[in-house]
Each structure stands twice: as C-alpha cells, then as structure tokens.
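Chemist: Let me begin by handing over the structure; questions about it come next.
The values are calculated or read from the model by the stated rules, or taken from the named source; none is laboratory data. As the structure is a computational prediction, the values presented were derived from the model and not from experiment. So basically every Cβ, Gly included, is an ideal-geometry build from the backbone, and we count neighbours across all protein chains shown.
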Amino acid sequence: MKQHNYQGVLQQPLGSGFNARSTAQDVINGIDLKGKVVIITGGYAGIGLETTKVLSEAGATVIVPARDQAKAAKNLKDIVRVEPETIDLMDPASIDAFAARFLASGRPLHLLINNAGIMWVPLRRDSRGFESQLATNHLGHFQLTARLWPALKQADGARVVNVSSFGHQIAPFDFDDPNFTHTAYETLIGYGRSKTANNLFTVELDKRGSRAGVRSYSLHPGSVYGTDLGREAPMELYQQMGTHDANGNIYPEVEKKLKTLAQGAATTVWCATSPALNNVGGVYCEDADIAVLDEGNIVYQFDEPSTLTGVRPYSLDQSAAQRLWILSEQMLQINFPAD
C-alpha cells in the first residue's frame, strides 16, 4: 500500500457518490462529531463560516481564530459550541500566542482546517519582507500547524485540511524568488504559487504525520458565489477571464454555474469527516471526492466552472514537497519534524 501521494500516485476518485452540487450538509449527513475539537482559520466568513456552522451542528466544538474580531463576533454570535479567538497569519507572534493558549487548555485537536486566505491582492510584505499571499496562505498555516502539532498527535487520529484552489494551476512554486525580491510582482502568479505550496505542504505533511496518526488533505472548493475572497482583485482580471462584462457585472449565465456557499464548503467538510478517507491521505480533492491528475489533458475555461478540474503533478512532486518543507522551516526559523 502506498504511504504517500508523491507524483499523485493516489489521485484516483473513490466514487464517493457526491458531486459539484452536493452541499456540506449532504456530505456530513449521519456523522456525529460530539466531543470533537476543531480549529478553522477564517471560519467566520464565506465558505469558512459555512464550514463552522455545519461542523458545529454535527456536535463539534469549533474554535475560530480571526483577524477581524468585530466581523467574527457578528457572524458567529448565533452558532453554538463556537469559540472566537484572535490570530493574524502574517504575524508570527500572534500565531504562537494563539497556539500557546490552545495548548494550555490541554485539549486534543481532532481537526485543523487551514481555510483562511487572500487572493489577487496588490503587492504587500509583512514585517519580515515576505509577500503577503505566500505569508498568509502557506507560511502562516505551516507555522500554526507546527505549533499545534502536540494537540494534533494527542487526538490519536487527527486531520489537517488545507483549503487550496484550482489556482495552483497558474504557477508552480518558485524556489529561487518566492517573495518577488528579484522579479516583477504579478498577483496571479503569487496566488498560484501560494496554492501550489498548499498542495506540496499537504503531501509532505501526510507522509510525515501519518506515522503519528495525523492525515492531511488539500482541496479546491470550486468556483463559489458570495465570498469576498476576490474583493481586492482588479476587475480587469475577471473581464479577461470572460466572467464579467465591461461594467464590472458578472454575466448571469456565469453566475448560475457557480456554487453556493453550502456547495463550496462541501469538499472541506468531506475531507475533514469522510470515513472514505480513513486509509488514504496527502490527496487533493474537489467536488467531495479525490480529484483526477491533470497531466495536460484537460481543457478548461474560466467561464465554465465545471471545466476547472484536476491537480497538476508539479504540486504533488516529492522533491518540491521536501524542498518546500525545509525552506518553510528556514524562512520561519522553526523546526517542524512532524513525527
């Protein structure tokens, strides 16, 4: 039995019975999470909020570390078994402080859902000089996972779910210039690199963590309507993709093809809870199943969301996954053996 997903050797759909129209409630039906402890970054908006609601309704205690405390308090106020917390994924001290508070509670961590993310933003750097999409989407979650590792091992069967994107297809990871120090910044490229990093992190984390009973999954939630993820993206990008008209309005025929928030959260919830994944990890998923490997044989177009499918082998490559792990440790100045 393969104990890794390097090169995508496990990228074969399981025939889960779900599809692009399945909702988070559909995939969790019959699953009891009473007594389970969950942390969801960004679990107070968009598909993250939908994920929080569904896991809470299934009985889990859900901790939601948030950067925007006012927004989190407003959106979470009517959800049971939810604990708002504070974190800034671009601030290493904030990550360490949150993790220390959680570890001090003595609780096991059954599910860590690295959901928070930013997309297509102008060039920004954190205090260390790291480009913001890389810092938020990958490095912050790498550090958070490392700091919470004792609680994940304590759960004796935990899962780490990294919300990636079809956007990983935009670009492989650039080890020579990860922070656009020497090359001109392109926001699409930066986003693509950060999502490829999510996949590479997942592959290597599962390979290392499975020995300690911690499995890992990455996923594409789908093209979802109603999130604010692309709020800073230049309208020209959407127009170039053919999804919006000259006035900046989404074409009605495109909007009808997009997933709802409930459908967008389905794959996250499936990765977090499905018994079908008990014996497989390190895989990239979509539409509540394991995705197919895209070896250049899939034709896609952005105004047809159903064509945005598959995972690129470069984002599951063994050498790149191992190299990114080491680079992440070096950039963050931490040691994360994950054993």
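Let's see how each residue does on (1) modelled with pLDDT of 95 or more; (2) out of contact with any Leu (no Cβ under 6 Å at 6 or more places or on another chain); (3) surrounded by 15 or more Cβ atoms within 10 Å (Cβ to Cβ); (4) part of a helix (DSSP H, G or I):
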| position | (1), (2), (3), (4) |
| --- | --- |
| L200 | yes, no, yes, yes |
| L205 | yes, yes, yes, yes |
| G209 | yes, yes, yes, yes |
| S216 | yes, no, yes, no |
| L219 | yes, yes, yes, no |
| D228 | no, yes, no, no |
| G248 | no, yes, no, no |
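Chemist: Could you tell me whether D96 is at pLDDT 95 or above, part of a helix (DSSP H, G or I) and surrounded by fewer than 20 Cβ atoms within 10 Å (Cβ to Cβ)? Break it down stepwise before answering.
Modeler: Numbers: at pLDDT 95 or above: yes; part of a helix (DSSP H, G or I): yes; surrounded by fewer than 20 Cβ atoms within 10 Å (Cβ to Cβ): yes.
So D96 fits the description; yes.
Table: residues versus (1) in contact with a helix residue (DSSP H, G or I) (Cβ under 9 Å, 6 or more places away or on another chain); (2) assigned to a helix (DSSP H, G or I); (3) at pLDDT 95 or above; (4) surrounded by fewer than 22 Cβ atoms within 10 Å (Cβ to Cβ).
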| position | (1), (2), (3), (4) |
| --- | --- |
| Q3 | yes, no, no, yes |
| Q11 | yes, no, yes, yes |
| G30 | no, no, yes, yes |
| K34 | no, no, yes, yes |
| G42 | yes, no, yes, no |
| G48 | yes, yes, yes, no |
| K53 | yes, yes, yes, no |
| K74 | no, yes, yes, yes |
| V80 | yes, no, yes, yes |
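Chemist: Tell me which residues, restricted to region 297-330, are surrounded by fewer than 20 Cβ atoms within 10 Å (Cβ to Cβ) and farther than 27 Å from A265 by Cα.
Modeler: Selection gives N297, Q318, S319, Q322, R323, I326, L327, E329, Q330.
Chemist: Right, another one. Just wondering, is there one or more residues in region 257-277 that are within 30 Å of I95 (Cβ to Cβ), surrounded by fewer than 16 Cβ atoms within 10 Å (Cβ to Cβ) and either over 16 Å from the mean Cα position of the chain (by Cα) or among the basic types (K, R) (or both)?
Modeler: Looking for residues that are within 30 Å of I95 (Cβ to Cβ), surrounded by fewer than 16 Cβ atoms within 10 Å (Cβ to Cβ) and either over 16 Å from the mean Cα position of the chain (by Cα) or among the basic types (K, R) (or both), one finds none in region 257-277, hence no.
Chemist: I would also like to ask the following. May I ask you to list the residues in region 171-222 that are within 17 Å of P122 (Cβ to Cβ) and not small (G, A, S)?
Modeler: If the condition is that a residue be within 17 Å of P122 (Cβ to Cβ) and not small (G, A, S), then N179, F180, T181, T183, Y185, E186, T187, L188, I189, Y191, R193 are the ones that fit.
Chemist: Quick check on my filter: what residues within region 171-194 are in a helix (DSSP H, G or I), at pLDDT 95 or above and of a type in the set (A, V, I, L, M, F, W, C)?
Modeler: If the condition is that a residue be in a helix (DSSP H, G or I), at pLDDT 95 or above and of a type in the set (A, V, I, L, M, F, W, C), then I189 is the only one that fits.
Chemist: Report, ordered by the first and then the second residue, all pairs with beta carbons closer than 7 Å, sequence separation of six or more or different chains, a first member in region 122-139 that is over 15 Å from T183 (Cβ atoms) and surrounded by fewer than 19 Cβ atoms within 10 Å (Cβ to Cβ), and a second member that is at pLDDT below 95 and charged (D, E, K, R).
Modeler: Note: pairs meeting the criteria are P122/E232.
Chemist: Can I ask one more? Could you list all residues from region 127-170 that are in a helix (DSSP H, G or I), under 23 Å from I290 (Cβ atoms) and among the hydroxyl-bearing types (S, T, Y)?
Modeler: Scanning region 127-170 gives a single hit, T145.
Chemist: Restricting to region 149-172, name every residue that is crowded, with 21+ Cβ neighbours inside 10 Å, of a type outside the set (G, A, S) and under 17 Å from L205 (Cα atoms).
Modeler: Across region 149-172, the qualifying residues are W149, L152, R159, V160, V161, N162, V163.
Chemist: For region 140-161, state whether one or more residues are more than 19 Å from Q330 (Cβ to Cβ), among the polar types (S, T, N, Q) and free of Cβ contacts under 8 Å to residues at least 24 places away in the same chain. Break it down into steps so the answer makes sense when it comes.
Modeler: Taking region 140-161 first, the residues more than 19 Å from Q330 (Cβ to Cβ) are 148, 150-161.
Filter once more, so that each one left must be among the polar types (S, T, N, Q): 154.
Still in the list and also free of Cβ contacts under 8 Å to residues at least 24 places away in the same chain: none.
Scanning region 140-161 turns up no residue that is more than 19 Å from Q330 (Cβ to Cβ), among the polar types (S, T, N, Q) and free of Cβ contacts under 8 Å to residues at least 24 places away in the same chain.
Chemist: Right, something else. Within region 282-293, which residues are within 16 Å of L111 (Cα to Cα) and more than 15 Å from the chain's Cα centre (by Cα)?
Modeler: none
Chemist: When you go through V64, V54, V27, V37 one by one, which is the residue that is in contact (Cβ under 8 Å) with a residue 60 or more places away in the chain and over 23 Å from I290 (Cα atoms)?
Modeler: Just a single option satisfies the conditions, and that option is V37.
Chemist: Could I ask something else about it? When you go through (1) part of a strand (DSSP E or B); (2) crowded, with 23+ Cβ neighbours inside 10 Å; (3) of a type outside the set (F, W, Y); (4) more than 14 Å from the chain's Cα centre (by Cα) one by one for L112, which number turns out not to apply?
Modeler: So L112 meets the others, but not (4).
Chemist: For region 195-213, give me each residue that is of a type in the set (S, T, N, Q) and either touching a Gly at 6+ places or on another chain (Cβ under 8 Å) or free of Cβ contacts under 8 Å to residues at least 12 places away in the same chain (or both).
Modeler: T202, S210
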